[in-house]
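Here is the structure we will look at.
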Amino acid sequence: MSRISIEQVKHVADLARLAITDEEAEMFTKQLDAIITFAEQLNELDTENVPPTSHVLDMRNVMREDVPEPGLPREEVLKNAPDQQDGQFRVPAILE
Amino acid sequence: MPLFDHTVSELHTLLQKKEVSISDLVDESFRRIGEVEEKVQAFLTLNEEQARAKAKELDDQLAKGEETNPLFGLPIGIKDNIVTKGLRTTCASKILYNFDPIYDATVMERLHAAGTITVGKLNMDEFAMGSSTENSGFQLTRNPWDLERVPGGSSGGSAAAVAAGEVPFSLGSDTGGSIRQPAAFCGVVGLKPTYGRVSRFGLVAFASSLDQIGPITRTVEDNAYLLQAIAGVDPMDSTSANIPVPNYVEALTGDIKGLKIAVPKEYVGEGVEEGVRQSVFEALNVLEKLGATWEEVSLPHSKYALATYYLLASSEASANLARFDGVRYGYRTDNAKNLIDMYKLTRSEGFGAEVKRRIMLGTFALSSGYYDAYYKKAQKVRTLIKRDFENVFEQYDVIIGPTTPTPAFKIGEKTNDPLTMYMNDILTIPVNLAGVPAISVPCGFVDGLPVGLQIIGKHFDESTVYRVAHAFEQATDYHKQKPVL
């Protein structure tokens, strides 16, 4: 049985802000299904009382002195912008 | 003898004695690039003009006789996911085809302080996602030992450039094997340091809990010199460890008497090609003659590492790659009418197939209703895998096995099936999940293709890893073999 449907794949693509064609949706459905089926072998393991590891080193919050430091200059930050205006990043209309 | 057949310390001596100049070294790098790059195609961007100018400047400093850093004046290649101020950095992705970084990664600042000269930026799998460098958005890099084969990946350009003699050494990055696997395939030395040993500031993030920058070199000693220059805590990376950096070169004593080696049965069993297995057992014989002992052990959760890795790395990637949206830098589509369309089309046109696949997998694993079943489950299994290593390291000094199940495969051989490609990393991935350091050193040839020996150490014990790798290297001559190009 398929673990993931083509509708789910299209929904995930939308969440990930990817435009995919119907052809790609079909391909991803097959490939993600294979990978997820493979990943389900993890269910063989009882992890009821196992804590999750998000980070391998035993570190907690790392703080620095609360002293203001200069940020990057505005011209530098805008240097790679695909579009800009009046010292700001310019984007297409948000509302149609 | 070609200049780059010399070790780092030999080159340093030649410079100090004025037998060669820094400009000679930079000339040699570009001469060799001119000679072989058409075949190997390791570089995405060359930095010729600036490198030559820098060489002149450093030659003047050298003449004053004050520069003693062992790396001073040496040319280096940098993987293209490490940001270099004023030098195009693409991650081998069309989405960053024109990206001109406005600051240097911390490792670059440290290399500049040591006096290295950046020759160019090296090809890779797009955003470091891949095991063959075939996922580059720009070009195919070829294995210098056999141009029909892949150099490995994702740091394929970094390993191929060193193997081809284009640079004496390079930097790569390793999330699931991306330094060690190409080092093995190209017959060079590659180290993934302990997670937190080297600052990740300025390394374009793939999977932040796994990524580490590390050196690719021709000898173990060279590797130790390069790690020395880049290791240490960095206020710009809160995951860099505030633990003193030892003198790695001093650790290369050649003495491994009484060393206790663990050989996981899972690393030499099914799926590992016979020639590779033989090379590893011959290497263990060499180490035994040097006074070490080895025993078979078990890392029982090894078989779950691959699934764990793909869920975690893809989840982290899906979050990290959200920043590529066409707003602040890189590619932007011309075809969008509104903001959401602009995001979607920019990303769809800018990312390659493997990157999209992993973003999709990661987004799915993190999405509502699936988070506990996939992402959190994988985090728990990661704990079990980490404990496997802790248990073995209670009784042994290092863990040894092959770096890869097979030598370099042919271009195009595994591109159709993502899972088959992923299987290639089965022996390197557990190391990233546990966060421990590991090196790949040349340990033989199968049908003319290099084989890598993987030596895994305890957290922050790169010194022991280097000591063992160096003792093995000095007792063998695999590292002296060069591909004919």
Which condition breaks for B:Glu126 when tested against (1) closer than 25 Å to B:Asp27 by Cα; (2) crowded, with 24+ Cβ neighbours inside 10 Å?
-> (1)
Please work out which residue is nearest to B:Ile76 (Cα to Cα), limiting yourself to segment B:7-58 and to residues that are in a helix (DSSP H, G or I) and among the β-branched types (Val, Ile, Thr).
-> B:Val26
Identity of the residue in segment B:460-485, in a loop (DSSP other than H, G, I, E, B) and among the acidic types (Asp, Glu), that ends up farthest from B:Cys186 (Cα to Cα) | B:Asp461
The lone condition B:Pro418 fails out of (1) farther than 25 Å from B:Glu354 by Cβ; (2) surrounded by fewer than 24 Cβ atoms within 10 Å (Cβ to Cβ) is (1)
Quick one: in segment B:338-359, which of the residues that are within 7 Å of chain A (Cβ to nearest Cβ) and in contact (Cβ under 8 Å) with a residue 40 or more places away in the chain is surrounded by the fewest Cβ atoms within 10 Å (Cβ to Cβ)?
-> B:Arg357
Which numbered condition A:Leu95 misses (of (1) exposed (fewer than 11 other Cβ atoms within 10 Å of the Cβ); (2) among the hydrophobic types (A, V, I, L, M, F, W, C); (3) more than 8 Å from chain B (Cβ to nearest Cβ)) | (3)
Checked segment A:70-87 for anything more than 10 Å from chain B (Cβ to nearest Cβ) and part of a loop (DSSP other than H, G, I, E, B); matches are A:Pro70, A:Gly71, A:Asp86, A:Gly87
Would you tally the residues in segment B:425-476 being buried (at least 24 other Cβ atoms within 10 Å of the Cβ) and modelled with pLDDT under 95?
-> 1
Can you find even one residue in segment B:185-193 that is over 23 Å from B:Val276 (Cα atoms) and more than 15 Å from the chain's Cα centre (by Cα)?
-> no
Could you count how many residues in segment A:1-22 are farther than 13 Å from B:Ser348 by Cβ and over 16 Å from the mean Cα position of the chain (by Cα)?
-> 9
Taking segment B:330-384 and keeping only residues that are small (Gly, Ala, Ser) and assigned to a helix (DSSP H, G or I), one is left with B:Ser348, B:Gly350, B:Ala353, B:Gly362, B:Ala365, B:Ala373, B:Ala378
When residues of segment B:319-333 are limited to those that are surrounded by 23 or more Cβ atoms within 10 Å (Cβ to Cβ) and under 24 Å from the mean Cα position of the chain (by Cα), the one nearest to A:Glu76 (Cα to Cα) | B:Phe324
Examine segment B:278-293 for a residue that is among the hydroxyl-bearing types (Ser, Thr, Tyr), surrounded by 17 or more Cβ atoms within 10 Å (Cβ to Cβ), at pLDDT 95 or above and part of a helix (DSSP H, G or I), and state whether such a residue exists.
-> yes
What do you reckon, is B:Ser298 at the interface with chain A (Cβ under 10 Å from one of its Cβ atoms), surrounded by fewer than 20 Cβ atoms within 10 Å (Cβ to Cβ) and either over 19 Å from B:Leu419 (Cβ atoms) or at pLDDT 95 or above (or both)?
-> no
So A:Glu44, is it at pLDDT 95 or above, more than 16 Å from B:Leu366 (Cα to Cα) and surrounded by fewer than 10 Cβ atoms within 10 Å (Cβ to Cβ) = yes
Count of segment A:2-55 residues which are under 30 Å from B:Ala336 (Cβ atoms), of a type in the set (A, V, I, L, M) and within 9 Å of another protein chain (Cβ to nearest Cβ) = 11
Taking segment B:301-326 and keeping only residues that are more than 18 Å from B:Gly362 (Cβ to Cβ) and more than 10 Å from chain A (Cβ to nearest Cβ), one is left with B:Ser302
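The values are calculated or read from the model by the stated rules, or taken from the named source; none is laboratory data. Computed from a predicted structure; not experimentally measured. Every residue, glycine as well, gets a Cβ built from its backbone with ideal geometry; the counts of neighbours run over all protein chains shown.
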